[in-house]
Each structure stands twice: as C-alpha cells, then as structure tokens.
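Please treat every number below as a calculation from the coordinates, not as lab data. On a predicted model such as this, the values are computed, not experimentally measured, just so you know. Cβ: placed from backbone, ideal geometry, glycine included. Neighbour counts: every protein chain shown.
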Amino acid sequence: MYQIKNLCTITLAAATLLLAGCKKDNTATLTADDASDAMSAALSSSTDGLSSQVSTAASYAVAQGTYKTDGTETLQCGVAFDTAVAFSYNGAATTASYTGQWEYLLTCTGTENLAMTGSYTGNFDAPRISSTNSGQRQWRITGISGRTSDPYTLNGTLTRTGTHISKVRNRYTYTVDMTVTVTNLTVSKTTYEITGGTGTVVMTGSVSNGNSYTFNGDITFLGGGVATLTINGTTYNITL
C-alpha cells in the first residue's frame, strides 16, 4: 500500500508541474522596444506620421504665401478654410494609406500665426509593425511673415489611436492611445523638413491578454531627417 500511495503522489506532482508549465503567462505586456516601434511609426514620413504631416502643413503655408507681407497672400485673415487631403505611400517594405481633413485659420493681428487642425484615418504596413488608426492634429505655426530663409516654428499636438500588430519579439496585438506634443519645432520653408525642436510622447493601451501599459518618451529633432527618442533611459535613433 505504501508503494501505491507514493506512486500516486509522484504522479500527481508531475501532473501539477506539467499543468504549470503549460499555463499562459498572463503578466506579459509591452516592452520599451515595442513602444519605440509604435512611437517611431507615429513620427515617420512613410506612415503619415508627424514628419509627413508637418511637411504637408509647411508646403501648404508656403503655397498660400503666408510668409509674405506684400499683399499677395491667398488666405484671408480671420476667415476659416478647410480642405480634404489624402496620403499614399508604396515603398519597397512599407505601404500606407490615409485620408483626412485640414482646417486653417490665419490670424494677422498680434503675433501672426496659422492655426491648422483636423482629423485623419487610415492604415500602414511596415516591416516591424502594422496598424489601423485615426487621430487629430492641432498645430499653430508662427514665423509666417519675413524671409523664406527664416523657418516656420510649430507648436501643438498629434494624436494616434488604434490597433497595432507587432511582427517582432513577442508579436503582440495591442491597442494604442498616443499623444505627441512638439515644442518650438522649426521647419524649413524651402525643403519643408523639420530642422530642430523637441517633443514628448505619451502612449497608453492594453495588450490582447488584457494587461495595460504606459510609456513616456522624449524626442529631440536633429534635422536632416533624423531624431532621437528616449524611453526609460534608453535612446533610440529614428529616421523620420
């Protein structure tokens, strides 16, 4: 009887260990590396991120002559204007498609500025991540009068909300609610590229297993189509 009881005890213990080994890890959540992929996509020109949208804003401002003071401006002071926009990118490794709306308001009293707001929705598929998302932009551009050699200065926010699917590491599917805030972003009136400035990113959401996450990032725009992103003390180099 002792031998049979001992065998049953061993079998039960083995079964318990086997079940424990098969149990899913319900504590898993995103890492800083995962967050950097999502934040980078929200900044990249190929995925209609901040860089692309800022370039569109700058080129529109130049086209409307908002830096001129000789009466040839086509936007009227204090009169709101809106237009539909579309974005499409088909690269070797990345594709993206977005539609949206821009609203403009040129203020000519006090500090001259161009307020640009609007919404967008779409999707992208990149090597490390794919997403369907939507968002809002709310920017104010100054430096609209003066020489073309003087850059625009842009302040404001860009939001991005949706579902992301990671293609690397743990290949999580997760929701994203992200806000990018830029401070004194300088933008060339001739190349429409970001030449300097700083920003912050707040990213929250939950993984498909129900676990939530929060990440904060600091951005430094270096010009030349590059920036650095720092999350939890780790700095990532980003191509805009």
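Rounded to the nearest whole Hz, the Karplus-based 3J(HN,Hα) values (6.51 cos²θ - 1.76 cosθ + 1.60, θ = phi - 60°) of the stretch 111-127 follow the sequence 7, 4, 7, 10, 8, 10, 10, x, 10, 8, 8, x, 7, 8, 9, 10, x, with x at glycine and proline. Residues in the stretch 203-220 carry Karplus couplings, in order, of 10, 10, x, 9, 7, 4, 7, x, 6, 8, 8, 9, 9, 10, x, 10, 10, 10 Hz; the curve used is 6.51 cos²θ - 1.76 cosθ + 1.60 with θ = phi - 60°, and Gly or Pro positions show x. In this structure, the amide hydrogen of ILE129, modeled 1.01 Å from its nitrogen in the peptide plane, lies closer than 5 angstrom to those of LYS167, counting only residues at least 5 positions away or on a different chain. Near GLY197, the amide H atoms lying under 5 Å from its own belong to THR186, PHE221; only residues 5 or more places off or on other chains count, and H is placed 1.01 Å from N. Placing pseudo-labels 7 Å out from each Cα toward the beta carbon at THR27 and ALA92 gives an inter-label distance of 4.3 nm.
Springs between Cα atoms under 10 Å define the GNM used for the chain, and in it the highest mean-square fluctuation of GLY223, GLY210, GLY199 occurs at GLY210. Residue-normalised convex hull volume from the C-alpha trace of the stretch 179-218: 70 Å³ per residue. Between THR175 and THR121, take the C-beta separation as r, use R0 = 22 Å, and let me know the FRET efficiency to the nearest 0.05. For R0 = 22 Å, the calculated efficiency reads 0.90. Neighbours of THR47, meaning other residues whose beta-carbon lies under 15 angstrom from its beta-carbon, give a summed charge of +1 when Lys and Arg score +1 and Asp and Glu score -1.
The value obtained for the chain, namely the Cα convex hull volume divided by the number of residues, is 137 Å³ per residue. Note on the stretch 75-169: Kirkwood hydrodynamic radius from all Cα pairs is 15.4 Å, rounded to one decimal. Build a GNM of the chain with springs between Cα atoms under 10 Å apart, and of ALA58, ALA86, ALA126 the one that fluctuates most is ALA86. Rounded to the nearest Hz, the phi-derived 3J(HN,Hα) couplings of the stretch 91-100 under the Karplus curve 6.51 cos²θ - 1.76 cosθ + 1.60 (θ = phi - 60°) are x, 5, 10, 10, 10, 7, 8, 9, 10, x, where x marks glycine and proline. Relative to the longest principal axis of the Cα atoms of the chain, the long axis of helix 50-63 lies at roughly 10 degrees. Give, as ranges by residue number, the residues of the stretch 210-229 whose backbone N falls under 17 Å from the point 7 Å along Cα→Cβ of THR191. Zone members listed by number: 221-228.
Structure remark: mean-square fluctuation, Gaussian network model of the chain, C-alpha springs under 10 Å; the largest value among GLN138, GLN76, GLN53 belongs to GLN76.
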